[in-house]
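Since the structure comes first, as structure tokens, the remarks are kept for the end.
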């Protein structure tokens, strides 16, 4: 029963992700991305990882979605929010997506120990200790990356639109 529910949630997540990248309206694409991120939190809950589900909701659904909606609204291009896409590159994108999926599926299938029972879920203290000791470099690199993305979005939002007057 749990596997059927997991498959249903995963299918909804995949559908929301496809709507996100296939949406012609930029605001709708951002909202579908929010649904995708929320469904990921549901998957975390189903995998008995409530802390990760909470972080997913707080950081990604709350924070990132707010930044993206503000980014869309700050560009002052409300009249023309349609995303222009080239139709001829769909086959290339599908090929790259299939190749990436095949690579990840192959790596997952050949990884030893994935079917071993979990030794118990990590506590928040253990997770925090691991992030700030063993994985400190990755933690700081992600921090710098997010700071760069924030600065880049402010710079892009502050540029004057072509032909706009003050």
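Since every read-out is calculated from the coordinates, none of them should be taken as a lab result. Quick caveat: nothing in here was measured; it's all calculated off a predicted structure.
Considering the convex hull of the alpha carbon atoms of the range 122-161, report its projected area averaged over all viewing directions, in nm², one decimal. Don't jump to the answer; show the numbers that get you there.
On the way: hull surface 13.9 nm².
For the range 122-161, averaging the hull's shadow over all directions gives 3.5 nm².
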Can you give me the P(r) profile for the range 1-86? Cα pairs, bins 10 angstrom wide beginning at 0, each as a whole percent. 18, 41, 28, 11, 2
Please give the Cα centre distance for the range 1-17 versus the range 46-66, rounded to the nearest Å. 17 Å
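Any idea what the relative contact order of the range 1-86 is, in percent, if you count C-alpha pairs under 8 Å spaced at least 6 apart? Numbers along the way, then the final one.
Values: 72 pairs, mean separation 26.1, N = 86.
Relative contact order of the range 1-86: 30 percent.
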